[in-house]
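*Asks:* Take a look at this one; I'll ask things after.
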Amino acid sequence: MINYDLKVGFSRIEINPPLGVNLQGYFHQRLNEGILDDLEINTVAVQKDGATVALVTLDSEAADTNYYETARQYAATKTGLSKEAIFIHTTHTHVGGCFGKEDEYTNDLDREYDSLVMKKIADSIVYAMEDLKPARMGIGFSKAERVGFNRRYLMKDGSTKTNPGVNNPDIVKAIGLLDESVNVIRFERECGDSVVIGNYGNHPDVIGGNKASADWPGFTRRIFERAVENTKCIFFNGAQGDINHVNVKPVGGDLNGMFNDFDDVTRGYAHSRHIGNVLAGALMSVYEKVEFLPVDEIKFVEKVINVASNMPKKEEMEEARYIQKMVDDGKREDLPYKGMMLTTMIADAARKIRLENGPEYFPLNLSAIKIGPVAFMGIPGEPFTGVGMGLKEAEGWKMVCPTCLTNGSRGYFPMEDSYAEGGYEAKTSEYKAGVAETIIEEGVKILNSLK
């Protein structure tokens, strides 16, 4: 029998945005009009032989990279932890805020909300550390089938489109890898309760509209906790850059509770609940049968790597400026694009203008935490599925949990072949082809250093 050889604490704080706070996504302004369900900070503190780490998740679309950095530094001063021991992850709900973002839509209410949440992040770590109790760690592997789909497709004209629409007759096939696996970690505490961590990659962009929600990560937590007594659940989104909920070839009741949104993407609150049902079921399917493992030590590390910038060509700038001017003048609907292609071209133009004069390289901070034979690998943006699968293959680990939007928000990290294929993610990425493969290579090196 595995002894209770570590200590684990948990905390949860509600962070619902006030009315009028900007909700992020879709490249146009959306002000919060209400709350569909609670947005939260969920934090797990894990301690072994005096070493303590804090695993924090925020229900938000993302946060500016500087915000993550400042929040970690602030939390470090309030908790006494090393900044590198603080692992802050945003779930990427598209009906939540983006902390620390400054653009033409940012208002004073956003800034007040950002400041409050930063303080609550530190509070959540303090509360989790105060809750530390003897525990043991078990792991299991499950699956979540038919809730995540590749969102990039080869079309009959040879092009690649992201979210080409349901039942589009011009679709040839999906492009990319699909990982339906769910990592499950159970911290069983000696006092009788358990803290459960789930890790799976999919875009929480299921709901739409102008009311705040934690989307399917929130449903997963609530459904699991209602079904399994004396538990708390926390969810870390994985490598989700090219995965979402859209089934382009639905059958039977697949479209129940969904509507076709402005960008030709099917969405619905009931479907978010459905994904939560499936993921909570995946956690439940292994909860009682996890393999309890000894934890020898806790370690953490953060490394900064430099990757080449995806700077535009001079001949691309005239079109980019034209598109941006149409957007600025409120004439986006007059552009010759519809649905997701309109979103793609607007984002691509913004990327070109932003990078016209460099920089030539960007720093990316990769973060890793070791809890015995389990590793968390934090990626500061939205990695494609191949990145997560590559990191999971690192040798010498019982489980590797890749997490997106962790300690930074640097955009998409597409696989190298995606750049030649095209599509939203590759067109809008700030990095040259090869960034995903570099993250895998450097990430594996980091994991090797922790063994």
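Every number here is computed from the coordinates shown, using simple stated rules; none is lab data. As the structure is a prediction and not an experimental result, all values here were calculated from the model. Positions of Cβ are generated from backbone atoms using ideal geometry, with glycine treated the same way; all protein chains shown enter the neighbour counts.
*Asks:* Helix-only mean residue ellipticity at 222 nm, the chain, DSSP H runs n ≥ 4 weighted -39,500 (n - 2.57), per residue, nearest 500. What is it?
*Replies:* -9500 deg cm²/dmol
*Asks:* When the chain is fully extended, how far beyond the present Cα-Cα distance does residue 301 get from residue 130, taking 0.36 nm per residue of separation?
*Replies:* Using 0.36 nm per residue and subtracting the Cα-Cα distance, I get 59.2 nm.
*Asks:* Using 7 Å Cα-to-Cβ label points, what is the residue 190/residue 262 separation (nm, one decimal)?
*Replies:* Between residue 190 and residue 262, the simple spin-label model gives 5.6 nm.
*Asks:* To make sure I understand the rule: partners must be aspartates and glutamates, Cα under 13 Å from the Cα of residue 451, and not fewer than 8 residues away in the same chain. Which ones qualify?
*Replies:* The reachable aspartates and glutamates, counting only those whose Cα sits under 13 Å from residue 451, are 296, 297, 395.
*Asks:* Take every DSSP beta bridge whose two residues both sit in the chain, then give the antiparallel share in percent to the nearest 5.
*Replies:* Within the chain, antiparallel bridges account for around 75 percent of the total.
*Asks:* Can you sort 61, 33 from fewest to most other Cβ atoms within 10 Å of each residue's own Cβ?
*Replies:* By the 10 Å Cβ count, ascending, the order reads 33, 61.
*Asks:* Please report, in debye to the nearest 20, how large the charge dipole of the range 102-193 is about its Cα centre when each Lys and Arg carries +1 at its beta carbon and each Asp and Glu carries -1 there.
*Replies:* 740
*Asks:* Cα atoms only: what Rg and Dmax, in Å, come out for the range 312-357?
*Replies:* That works out to 10.1, 30 Å for Rg and Dmax.
*Asks:* Let me ask something else. Too long at a 30 Å Cα-Cα cut-off: which of 83/325; 7/289; 101/133?
*Replies:* 83/325; 101/133
*Asks:* Can you give the relative contact order of the chain as a percent, counting alpha carbon pairs under 8 Å and 6+ residues apart?
*Replies:* Rounded, it is 18 percent for the chain.
*Asks:* Under the 0.36 nm per residue contour assumption, what length would be gained going from the current alpha-carbon distance of residue 338 and residue 445 to full extension?
*Replies:* 34.2 nm
*Asks:* On to the next question. Give, rounded to the nearest 20 debye, the magnitude of the charge dipole that the range 74-230 has about its Cα centre when Lys and Arg contribute +1 at Cβ and Asp and Glu contribute -1 at Cβ.
*Replies:* So the dipole magnitude of the range 74-230 works out to roughly 460 debye.
*Asks:* At 0.36 nm per residue, and after removing the present C-alpha to C-alpha distance, how many nm does the segment from residue 157 to residue 172 gain when stretched out fully?
*Replies:* 4.5 nm
*Asks:* What's the ranking of 192-200, 434-442 by average number of surrounding C-beta atoms within 10 Å, highest first?
*Replies:* Taking the mean over residues of other Cβ atoms within 10 Å, the ranking is 192-200, 434-442.
*Asks:* Now for a separate question. Grab the beta carbon distance between residue 360 and residue 27, set R0 = 30 Å, and tell me the FRET efficiency rounded to 0.05.
*Replies:* The formula returns an efficiency of 0.70 here.
*Asks:* Placing +1 on the Cβ of each Lys and Arg and -1 on the Cβ of each Asp and Glu in the chain, which of 163, 17, 369 has its Cα farthest towards the positive end of the resulting dipole?
*Replies:* The Cα lying farthest towards the positive end belongs to 369.
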